[in-house]
Amino acid sequence: MMTSMMRVTVALFALVGTLGFQTSCDSAEKTATPSPGVSADRPVKRFKFDSGAQLEQLINELKYTPEAWQAGVREVPRLYITNIPPRWRDKTSKELDVVTKKRVFFRLLGPLILHSNELIQADRDRVSQIIDKLRKGVAVSTEDQTFLRETADAYRVVEGREADLADRTLQDKLLRRIDTLPPSLVLAQAAEESGWGSSRFAVEGNALFGMWTWGDKGVTPLQQRSGLGNYKIAAYETPLQSVIAYMHNLNTHQAYKGLRARRAELRNAGSKVTGWELANTLTKYSERGQEYVDSLHSLMKVNKLQPTDDAYLGDGPTILLIPSGEGAN
């Protein structure tokens, strides 16, 4: 488990704060009002399911299958699970064979990772455009200046001082931080940290990455380590929030400066940014050090996760997957 303190900015959480909580309707599938973080131009549907069979039927209809993946299809539907139900830990994950359990975990987490990256990329694109204008001496609107300043604050590049938007060092540092993460890395860490989504922290707090917090909303470990204060495992309203918080942590915390530097090196060289390569920089994520990195590499290799770095979200509707009994009136 990671031992460093992490706080996610209000600005980032506002993007997805209520995603998946429009559950007042009783129908299994219904067009809904878009939630924060979901494009208003894209239809949003709710799919309430009572069993794995219902979910499997939907997934098959969307052709989100092992056969399609093995055939080289890398398009992923916009399926966003809204909560990790207790029955996954207590019943379902125990009844499934290992291969099926892993497949379900990866297929449900994959769209959340890609959507989180999509949000980051949108901010990166806008920041890049603003910085390009500044460097060319082109006038920048007040709205863009405010966006750049707030983003710099959210990504902790100003360190309590007033940001000089024309400072190239600050601009470069910001661009190193606002960047996506390879899905293979995120999938491997989520599996390692959450026990394939079946840990107590995952079920009680949608916590997939074992991040610690002090004083914030969280799940208290049954046996807290002495001398470290009243820490908790950070909890989230949705699994998507957990993914976004984790990505923000890797993109901002001093402990992962090496990851950001290596990612920037690869991009500058025109090389592919892979989860395998970035995993090498995560010796500080766990007290296990290099052993932890080796474990991530093993997960990627055994489960053939490298091709997920080429996955992308399709243009279909957003479908909020709502386990029965979750958020019902």
Checklist entry - When ranked by the protection proxy of mean other Cβ atoms within 10 Å per residue, highest first, what sequence do the peptides 188-201, 112-125, 48-61 form? => result 188-201, 112-125, 48-61
Next on the checklist: Need the list of lysines near Lys217 for cross-linking: C-alpha distance under 19 angstrom, and skip anything on the same chain fewer than eight residues off.
Outcome noted: Lys232
Checklist outcome for this item: Applied in sequence order to the range 187-198, the curve 6.51 cos²θ - 1.76 cosθ + 1.60 (Karplus, θ = phi - 60°) yields integer Hz couplings, x standing for Gly and Pro, of 4, 5, 5, 5, 5, 5, 7, 10, x, 6, x, 10
Next on the checklist: Taking θ = phi - 60°, what integer Hz values does the Karplus form 6.51 cos²θ - 1.76 cosθ + 1.60 yield along the range 125-138, in sequence order, with x for Gly and Pro?
Outcome noted: 4, 5, 4, 4, 5, 5, 4, 4, 5, 4, 6, 8, x, 7
Checklist entry - Under the classification rounded if a/c is under 1.5, otherwise prolate if a/b is larger than b/c and oblate if not, where does the range 267-329 fall, given a ≥ b ≥ c as square roots of the Cα gyration tensor eigenvalues? => result oblate
Item to check | At R0 = 30 Å, FRET efficiency that the Cβ-Cβ distance of Arg168 and Lys272 yields, to 0.05 | outcome: 0.65
Checklist entry - Ranked highest first by average number of other Cβ atoms within 10 Å, how do 234-244, 70-80 line up? => result 234-244, 70-80
Checklist entry - What list of ³J(HN,Hα) couplings, whole Hz, do you get for the range 103-109 from phi and the Karplus terms 6.51, -1.76, 1.60, once you set θ to phi - 60° and write x for glycine and proline? => result 4, 4, 4, 5, 5, 7, 7
Next on the checklist: For a Förster distance of 45 Å, can you work out the FRET efficiency between the beta-carbons of Arg126 and Glu291, rounded to the nearest 0.05?
Outcome noted: 0.70
Next on the checklist: Which of rounded, prolate or oblate describes the range 236-294 when judged by the alpha-carbon gyration tensor and an a/c cut-off of 1.5?
Outcome noted: oblate
Checklist outcome for this item: Restricting to lysines and to Cα separations under 22 Å from Lys304, and discarding same-chain partners fewer than 8 apart, the set is Lys63, Lys101, Lys102, Lys272
Item to check | Nearby aspartates and glutamates by direct alpha-carbon distance to Lys257 (threshold 16 angstrom, same-chain neighbours under 8 apart not counted) | outcome: Glu159, Asp172, Asp179, Glu265, Glu277
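Computed from the coordinates by the stated procedures, all read-outs in this text should not be read as laboratory data. Note that this is a predicted model, so its numbers are computed, not measured. Positions of Cβ are generated from backbone atoms using ideal geometry, with glycine treated the same way; all protein chains shown enter the neighbour counts.
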